[in-house]
Each structure stands twice: as structure tokens, then as C-alpha cells.
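Notes follow once the structure below has been shown.
Bear in mind that the values in this text are calculations on the coordinates, not laboratory data. Being a predicted model, the structure only gives us computed values, none of them experimental. Cβ sites come from the backbone with ideal geometry, for glycine too, and all protein chains shown count toward neighbours.
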Amino acid sequence: MSRSPHRWWALALIALAQFMVIMDTSIIGVALPKMQNDLGFTPSNLSWVFNAYVVAFGGLLLLGGRLSDLYGARRIFATGWAVLLAGSAAAGLASTVEVELAARAVQGAGSALIAPSALTLLMMLFGNRPTELTKALALYGAAAPAGGTAGVFLGGVITEYVSWPWVFYLNIPIAVLALIATPALMPAGGNRPGSLDLAGALTVTGGLAAAVYAIVRAPETGWTSTQTWLTLTGSAALLAAFLTIQARRRQPLMRLGIFASRNLSAANLAQLLLGAAWIPMWFYLNLYLQQVLGFSAFPSGAALLPMTVLIMAGMIVLAPRVIARFGTKNTVVVGLAVLAAGLGWLALIRPTGSYLADVLPASLVAALGMALAFIPSLGTALSSALPEEGGLASGIVNTSYQIGSALGLAAMTALAAAHGAEELGDPASLTNGYSAALLGAAGIAAGAAVLAAVTLKGRDGAPAAPQAENTSATR
């Protein structure tokens, strides 16, 4: 399979998949103010346009990875595109808050099938070619920030010159193209015996959704309120039930023993905290540009293009060279530290600030940190699992990043609200709230750098191919 003459075209489709699932988290950013006006979202509930997608995405990724292992990655990859297409059509047609959030959750479910199957296909195509694998992971990794910021840019163009529903309709022709190309480009892969752990999928998704809901609502209901504590308790109970189910089932959704691999656990922790730091930055930088600096939708999207260019260049050109010279661990640690510095700089934004002074230089520093940290942590997480658990490893690492994104945004939303971000129309209060969220994100990135330095085992050179030995061995 890895010798397929079409593998680089297949990689282009895999990178497009990564581009799309991340773009769908970001393309709504610039459109949020107009969606808020048209559909009647409250300021505290507006983040659920993002979180409804991410919670469904993150909560179902393990199921998507398991389905890829059981029924073949190509089949699940195509199914995911079909589900994403349906959710996108419904999101664009929505006329109420409830329908919009439900459609965003369907989009997230489709992405939860696409993302782990895409990574599994990448490992099938390049897993036994270490040099090509590094390049493939770099291109795949660059597609994520490209999708993130391209989503902001395209969202700005579409919102300003067409209308916000078209940020969802854009997915439809791309999904059709992917469905046509998949059978010709992707390795088939056979079915494997096994069963689905639906109880595990339901408990982990419900537990994560309850945790995000509690954190987002806490500033309004109170951190010590009965509602907050009951929701958090319910979340903890569901997640505990998930772990119990995984420990007892013969064929669990997530084999807990996989975390005996030290580097797999450490790399997934790095990915979780990376998402928790990066996504709040993107979310609040968009709001600062529009609601404080007064940018309209299109200039706001264009303002973040320099970050995309730097991230893509950093992931494709710089990160592989740094990894080859200094090893994966050092690259992850330095990347997270640089990201923390950039976020801390961004937290100095002013109500009377400017793009060139307050946003551009600090955002480029943050982008450089992201470029350095993402590729080696992703490669380490994937290469530390057994080959037959490629779908599971892909699902876990995607889950780590997406759930980190949702929980990080929920926590920073609460922090921003506590410092004035609910005061629409007051630039000083809004800036105080956004600055607090950015400073909190900087703290997450700094903590992640320390944890990566302590927990990651050093490994030189390119990410290795998936290991065949027992994953209980410490790597």
C-alpha cells in the first residue's frame, strides 16, 4: 500500500480533509457577530457555535478511529464526508439557535469520522518510509493552521460580500469532490473482526459535553451554584463510567493499556494543552479585531493571513530541520515556550491599540511556536502505537487536541466574562476580558512546555514508523 504511485495525490486529499475539518472550526469566527444578530444568540452562548462542533468532533473521534480499524479507513473516510455534507447544508439553512447548534454537531460527527481515518490512511501510505513520513506529516500538519486561518479569511470574504450561511455551503462542493476522488486514490484496507463500544462512545461524549457546558455557564449561574456543581458531577460520573466500561470490555473503544506507552501519553497531553492554548487565542483575536479595533469581516480575516503563511512555512520547512537536529522533545518544549511568549505578548492588547503594534508581531511569535510544537508532538503520538491500532492512535491524538480546544475555550470564555467581555460596546471592558483570556492561554502553553520537558522521552530525528513491539514498553 505504501508503494502506491498515487500516494502523493492521496496525501493531497488527506491534507484537504485536515484543512476542511479545522476550517470548519474557524470559518464561523468572523461570522459570529452577524449570526448572533440573525439567530438571537446571547454573548455567553455564542461560543456554542464553536463548541457544538468541537464537542461532537472530539467526543466521537475515538469511535471514528475504532470504526476505521474495524471497517476500513477508506470506507469511514468517505462516510465522514457524506455526514459533513449533510450537516453543512442544515447549518446553512438553520433559522433558529437550536437548529444551528444541532447542525454544527452533525458537522462535528462527520469530521470525527474523517480525521482519524485520514491519519490512518496517511500511515498506511507512508508508515514504512520514515523520510517520506516526516514530509507527509509536515504537509498534513501545515493543513491544520492553513485551514484555521483560511477559514477566518474566507469567512470574512463570505460574510462581508455574500451572507453567513455560505460559510457552511462552501463545504458541499468540496465534500462531493472528496467522495468522487476517494475510491481512486485511497488504499482499501480490509475489515477486521470486532465489535463497537457504543456505550463508551455515549459516555465519553456526554461527559465531555457536560464539562464544557458547566464551564461556559458558570460565569452566569455562579461557580458555586447547584446547577454548576450538579453538571460537573454528572460529567465526572459519565467519564468515570467511560473508564469503567473501557477497563471491563473485551473490545473497548479505547484500550487503556495503550497509555502505558510513555511517549504516547506525553505527546497526547502536549496536543491537548496545545489546543487549549491556541484556539482561545484565535477566538478572542477575532473578537478583538472586530469589536475593539473596528475591523469589518473581510479585513479581520485578512489580518490573520501572515500567521498562516508563517505556520505553513514553519511546519513544512523549519520544523523537520529542527527535529532532525535537536530531536522531537526539544522541539516540542521550545515550540510551546515560544507560543507562551507570543500569547503573553498578545495579552498586552489595548482598547486604543492598532493591528501593527498590538497584533501582528505577537501573533507571528505565537505562530512560530505553534509550527514548532505541533508536528513533533503529533508524530510522536502516532508512532508510539501498534500498527493495528493506527485508527485508535489517530482518534486519541485528534481527541486530545479537539477536547483541549473545547475545554480551553470554555475556561477562557469564563475567564474573559469575569473580566468584562460581556460588556458589548465598551472597548475597555472588552479588552480587559480578551486580555485575561489571552494571558490564561499563555499560562496553559507555559505549563505545557514544563510538562513536555518532564514527561516526553527524547527521540532523535524523524518520527519513527509505528512500533510493532508491546506498547507497554516505555518509549
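Once the Cα atoms are used to define both axes, helix 262-287 deviates from the longest principal axis of the chain by about 30 degrees. Distance between the C-alpha centres of segment 411-443 and segment 215-289: 22 Å, rounded to the whole angstrom. In this structure the amide hydrogen of Ile27, modeled in the peptide plane, comes within under 5 Å of no amide hydrogen from residues 5 or more places off or on another chain.
Per residue, the convex hull spanned by the Cα atoms of segment 313-362 amounts to 68 cubic angstrom.
Ellipticity at 222 nm from helices only: DSSP H runs of n ≥ 4 in the chain, each -39500 (n - 2.57), divided by the residue count, give -25500 deg cm²/dmol. Of all lysines in the structure, those lying under 19 Å Cα to Cα from Lys457, and not within fewer than 8 positions of it along the same chain, are Lys329. The magnitude of the dipole of the chain, with charges of +1 and -1 set on the Cβ of Lys/Arg and Asp/Glu and taken from the Cα centre, is near 1580 debye. Along its three principal directions, the equivalent ellipsoid of segment 7-71 from the Cα gyration tensor extends over semi-axes of 30, 17, 6 Å, largest first. The alpha carbons of segment 197-252 give a radius of gyration and a Dmax of 12.9, 43 Å, in that order. Pairs of Cα atoms in segment 308-459 fall into 5 Å distance bins, from 0 up to the last occupied one, in shares of 2, 10, 15, 18, 19, 15, 9, 6, 4, 2, 0, 0 percent. Packing order of peptides 80-91, 277-288, 373-384, highest average first: 373-384, 277-288, 80-91 (average count of other Cβ atoms within 10 Å over each peptide's residues).
Distances over 23 Å make up what percent of all Cα-Cα pairs in segment 223-315?
The proportion of pairs with Cα distances above 23 Å equals 58 percent.
Between beta-carbons, use under 13 Å as the cut-off and find the net charge around Ala17, counting Lys and Arg +1, Asp and Glu -1. Spelling it out: positives minus negatives among the neighbours equals 0. With viscosity 0.890 mPa s and temperature 25 °C, the Kirkwood radius over alpha carbon pairs of segment 24-161 converts through Stokes-Einstein to a diffusion coefficient of 153 µm²/s.
Think of the chain as a dipole: +1 on every Lys or Arg Cβ, -1 on every Asp or Glu Cβ, centred on the Cα centre; then among Thr231, Ile349, Gly314, Gly314 lies furthest on the positive end. The alpha carbons of the chain give a radius of gyration and a Dmax of 20.7, 62 Å, in that order. Take each peptide in 35-42, 364-371, 392-399, count the other Cβ atoms within 10 Å of every residue, and average; sorted highest first, the result is 392-399, 364-371, 35-42.
Put simply, segment 80-174 fits an ellipsoid with semi-axes of 30, 17, 9 Å; these come from the alpha carbon gyration tensor as the roots of five times its eigenvalues, largest first. Please express the Cα-Cα pair-distance distribution P(r) of segment 184-342 as a list of whole percents, one per 10 Å bin, running from 0 to the bin with the greatest distance. Once binned at 10 Å, the Cα pair distances of segment 184-342 give 8, 20, 26, 30, 14, 1.
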